[in-house]
Structures are given as C-alpha cells and as structure tokens.
Amino acid sequence: MDAVSVIKSKSSLIKKFIAAGIAMLVLIYVLSESFFYAEPGYIYHVRTVTGNEAVVTEIGYKFYPFGRYNSWKRAMTVQAANSEINGISSEKDADNASANLPPLSIMFLDQVDAHAEATVRFSIPSDEESFLKLAHEYRSPENLLRTALLPAFKETLQANASLMAAEEYYAGGRTEFNSEFENQMSNGIFLVKREEVTIKSGKTGSGSANASLGTDQEEYGEDSKTVFLVKKVLDENGQPRRKTQRFIDFGITVVSALVTDMKPNQKFIERMQLKQKASADRAIAREQRVQEEEQRLLAIARGEREVAQRQAKAKVEQIQKTTEAETDKQLAITGAQKLKAEAAIQKETAEINFEKAKIEAQTQRTLADAEAYQKKVILQADNALAQKLEAEIKIQQLWASAFANRKVPTNVFGGGAGGSAPVGSDSETKAFMQMLTLDAAKRLNYDRTLGK
C-alpha cells in the first residue's frame, strides 16, 4: 500500500472518531436538557418543547424533552427576626423558599410602637389544578413571596396590633394576640372601625370653694375621660366581616403563625418599669397589711388562748377544790357514820355487857343469897359452933406458938412490996394468955354452949 492510501485511511478514521464524539456530545446535551432529578419536599412545574405542562411530585429522575421546569418548595417561610439568630436553624432553605426580614415595626392601639418578631409558614397546594393556577399567576416562588406572602404577613401583623393596647398585651393578653394573629393569617383580616367613647371615671373631685363666686362655683375634678375603642364590623348575621387573604384563593394554607418576641419603645419600657415598681410597692404594702392583720389576729388568738388557759386552769382548780370538798364531805359523812356505827355498836355492847353484868350480879346475889342462906341455916343449926371452935383453936394455936417462942431471961430480979411486981413467970404468962383469950372470945361474941 502506498503512502497516499495510508493517509486517506487515517483521515477516514479520524473523521469517524470526530463524528462519534460529536454524536456523543449531542446525546449528552440532549440528555442533560431532557432529564432532571426531583428532590423530596419540592413540587416541579414542567413545560415541554411541545407546549405541554406537567406537575411532578414524585422523587426521582424525570424526562422533559428540551423543556423548562421550576421547583417550588412545598412549604415556604416568612420570618421577621433579628439577623443575629438567622444562622441558627435546623434547615437551610433556598432563597426562593423563604424570606427573612428584620423585626417588623408595628403600632398598638394606644399609640405605642414596638418591633415584633414573628414567623409564618405556608403550604402550597399539591393537586395539579390548584398548583398550575398558582404557577400561572405568580410564575416563580420568588414572585409569590414578594407579591403575596410578604405583604399579607406585614399587613396582618400590623392589623393585629391595632386590636390591642400595649398595656393590655403586657398585662396578660400575649396569648390572645398570638391566637388572633394566627386566626387572621388563616381566615382573613377583621374589618374594624375606631370609635371615640367618653367613660365616667367615678372619682369624686375635690377642691376649695371661691367665696367671691358665690353659688356660681367653677367646675373642678376629672370625672370622665375619652378613650378610643376598635370594634369589629359585623355582617347581617352578627359575624365579623373579614378581608380575605389573597393567597387563600390559590389553595395556599397557613401551617403555623407564631409571634416570638415583642420589643416596645424605650419610653414604654420605662413607664412599665415605673408601673411595675408601683405594683411591686402595692404588693409589698398589701403583704405588709396582710402581715399586720395576721399579727393582729395572732395577738387576739394569743390573748384568747391565755384567757382560755386561765379559764381552764381556774376550772381545773375549781373542779379540784370541789372534788376535794366533796371528798372531805364524804369523808366527814363516812366518819360520822363510822362514829355513829361505832357508838351504836358500843351502845349495843354496853347494853349486852349491862345485861350480862346484871345477870352476873343477879347470879352473884343469888349465889350469895344461897350461900348466906346456907350459912344461916348452918348457923341456926349449931349456932356456928364449928366456926367458933375453929376460930378459938386458931387463937389458942397463936397464943401457944407465942408462948413457946417467948424470950425468957436467965436471971429475973423482982421487987416490990408483998412480992406483987411481975417478973415474967409461967403463971403470969398463963394468966396473961387467958386474959387475951377472954378478950378474943369477947370479940368473937359467940356462945360456947350448944343450941337446942
């Protein structure tokens, strides 16, 4: 093969490679312009080169031959918050799915301005008809946020602030404010009208009379004040009339509406601080008054307790004394009864002893009478000779014993004229004993002769 044919062969091969490369590039371009990947949480508006439209809600690769598509997030967020916390989030939304605003300036009913932080999350429709209507109207999520959702968010928040005074909001109306905001975002803004109303304060004025004016005294004191009320406009059925939210007509619903923070102006804060201090002072004074009242009641209770204790102590002493007196009385009665019983017993004993002694005396007398009678009979029988003899024998024995035991001297000297002086001889002793015997017999006074 010559050189020319080799060159032609190489040239033909190069042309084939170029053609294949061009075909590959065309195929890649066609594929890149005909397929896209549907992400979760998005709805896609697809327009083909033939003029057809489609709504893609399923996840995965989708075919759109040389067409166009827009991605719409199923939920969009409008938030008015401090920029310092914007970076703190659990999800990073694309710019076309959320709108971040600085705190929104609002005006309360009592002309107090504040900066509100709020968040509203919207859900777009997923059915084909409603979604196509929304896509035709706004064409892109950016237009929807800029022309519909943001204005509705601002208008509703400001309108909601005009229904309530700032003092009412900070005095406990926060939850009512948040509830009304969500209600108006979901169902429409209330139509209201502002009315000027004069209210009687009920306070009695005080002042001093001017004697120069006589009976035509000047008025003094403020017994009325003018306030402004915002009332909802009602329809023929008595229901509040509303300005409907424009986005509701396209099937957009409010998922949540939250008012997260409210910062009033500095003057209102200072006024609230003074009011708070006054309220705290009143609370302290009220607590002090309650404390004083409790102290008074405590003092009364202590006094009543002391009186009750004294009464109880006196009552105990009284009961004790009464009991002791009653005990003494019973003891006295018992003692008297005992003495009476003892006296009765002694009396009965004495009577018994008396009767006994009487009987014994009668017995002794009877025995004595019997013995005397017996002796009398015996004496009458023998003139008591046995007794008399026994007595005389005893006398004789006495004298005989005395005579036998007399002291007789060895030598006796006697003298006297005619020898008549006693010398203690046996004859003298015998004569003396006879005399004593006669004297004893005389004393016995009995007759030695036997009776008849």
From the options S140, S123, residue that is modelled with pLDDT of 90 or more, surrounded by fewer than 19 Cβ atoms within 10 Å (Cβ to Cβ) and within 24 Å of D249 (Cα to Cα): S123
Among the residues of region 53-72, what is the count of those that are of a type outside the set (F, W, Y), at pLDDT 70 or above and under 14 Å from G41 (Cα atoms)? 7
Which residue pairs have Cβ atoms under 8 Å apart, sit 6 or more places apart or on different chains, and have a first residue in region 114-135 that is farther than 20 Å from F153 by Cα and a second that is in a helix (DSSP H, G or I)? S130/F250; K133/F250
In the set D261, D281, which member is at pLDDT 85 or above, among the acidic types (D, E) and surrounded by 11 or more Cβ atoms within 10 Å (Cβ to Cβ)? D261
Name the residue that is modelled with the highest pLDDT, counting only residues in region 152-210 that are assigned to a strand (DSSP E or B), over 21 Å from A80 (Cβ atoms) and of a type in the set (V, I, T). V192
Take the residues in region 141-177 that are over 18 Å from N100 (Cβ atoms) and of a type in the set (G, A, S); name whichever of them is farthest from the chain's Cα centre (by Cα). A159
Taking E326 as the residue in question, decide whether it is closer than 30 Å to D439 by Cα, part of a helix (DSSP H, G or I) and of a type in the set (D, E). no
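The values are calculated or read from the model by the stated rules, or taken from the named source; none is laboratory data. Nothing here was measured: the structure is a model prediction, and the numbers come from that model. Positions of Cβ are backbone-derived with ideal geometry, glycine not excepted, and every protein chain shown enters the neighbour counts.
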